[in-house]
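The next block holds one structure in the form of structure tokens; read it before the comments.
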Amino acid sequence: MHTPEQKIKEIEKQEYEDLINQAKPKPNLARNMVWAFVVGGLICMLGQWMINLMLSRGISLADASSATSCILIFLAALFTGLGYYNELGQRAGAGSIVPITGFANAIVASALEYKREGYIFGVGARIFSVAGPTLVFGFVIAVLVGLIRVFLS
Amino acid sequence: MVPLYMAFLVGGLLCVIGQIIMDATKPTITPGHILVGYITGGAILSGLGLYQPLVNLGGAGATVPLSGFGHLLVQGTLKAVEQKGLLGAFSGGVEAAAAGITAAIVFGYVVAVIFNPKG
């Protein structure tokens, strides 16, 4: 089955892979975690500051949370357009992805990428290349939970 | 009111979990998977009644991450089911999350039209 040539090829392939693994920059897990924690924490803290401000003006918690989400989404979309959010994301990793600002960033980034395909089926469609799957799974679980509740009651 | 440092701690920890998943599974799990995973995870935990305690503890630290969006969808659904029954299962989620979804689509579209891709 294995001729000597094949064996040599396999060894060469292995050596090549080892070489690649040596040259590849190792992800620094500890540093990535600190960045994700601090940036993600700060984004949430900014949200809490807005919510507390609105609560102190007599706005309900549900409305304050919704308004805060809208403001954070607006800011993230704007900073993605200006090119700053992706720069932050290169360091912050999940710290800039997990908050709702990361959702807004994904929407704008994928829409921008396909801008040359036009404003209707380029930007208009690609907005949903990440937002679509996210909403699909959110809706499906929500309806399932709702149905379970209906049939249990 | 939830103190700011609790939002920082809880939100930071939720992001660290995402970072560990990404670093451990690189390059299989993309940022898109993280978004889908968080909204799904948040929705399931919310359905089991396990996400609300996290919200009580961390406020925006639990609601600003996308898992909080899943929680919002599920809690909106459950509330609507109590009021309207079966119809509520289909209307409640989007009703509760309407502002965020609309803001994301409208601001996302406007920004993508105004700005050009960098680099």
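Nothing in this text is a laboratory measurement; each read-out follows from the coordinates by a stated rule. Everything quoted here is computed from the prediction, not taken from an experiment. Positions of Cβ are backbone-derived with ideal geometry, glycine not excepted, and every protein chain shown enters the neighbour counts.
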Checklist entry - If we restrict to alpha carbons, what Rg and Dmax does chain B come to, in Å? => result 16.3, 51
Next on the checklist: Given the options A:Ile59, A:Thr80, B:Gly37, identify the residue whose Cα lies farthest towards the positive end of the charge dipole of the protein assembly as shown (+1 on Cβ of Lys, Arg; -1 on Cβ of Asp, Glu).
Outcome noted: A:Ile59
Item to check | Most to least packed among A:139-147, B:60-68, B:44-52, B:95-103 [average Cβ atoms within 10 Å] | outcome: B:60-68, A:139-147, B:95-103, B:44-52
Checklist entry - Quick one: putting +1 on the C-beta of Lys and Arg, -1 on the C-beta of Asp and Glu, what dipole do you get for segment A:1-112 around its Cα centre, in Debye to the nearest 20? => result 320
Next on the checklist: If you average the C-alpha positions of segment B:50-119 and of segment A:92-153 separately, how far apart do those two centres end up, in angstrom?
Outcome noted: 11
Checklist entry - So, by mean Cβ neighbours within 10 angstrom, what's the order for B:32-42, A:109-119 with the highest one leading? => result B:32-42, A:109-119
Checklist entry - How big is D for chain A, in µm² s⁻¹ as a whole number, if Stokes-Einstein is applied with the Kirkwood radius of its Cα pairs at 37 °C and 0.692 mPa s? => result 169
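Compute, for the protein assembly as shown, the length of the dipole vector about the Cα centre, with Cβ point charges of +1 (Lys, Arg) and -1 (Asp, Glu) only. Units Debye, rounded to 20.
300
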Item to check | Relative contact order, percent, chain A [alpha-carbon distance under 8 Å, six or more residues apart] | outcome: 19
Checklist entry - Hey, how much of the P(r) for the protein assembly as shown falls beyond 33 Å, as a percent of Cα pairs? => result 27
Next on the checklist: Restricting to Cα pairs below 8 Å that are 6+ residues apart, what does the relative contact order work out to for segment A:25-105? Please round to a whole percent.
Outcome noted: 42
Next on the checklist: Can you list which of the DSSP-assigned H helices in chain B have a Cα extent of 30 Å or more along the long axis and an average Kyte-Doolittle score of at least 0.0?
Outcome noted: B:4-25, B:86-114
Item to check | Equivalent ellipsoid dimensions for segment A:114-153 as semi-axes, Å, which come from the Cα gyration tensor, largest first | outcome: 35, 7, 4
Checklist outcome for this item: Summed over the other residues with a beta carbon less than 12 angstrom from that of A:Ala62, with K and R at +1 and D and E at -1, the charge totals -1
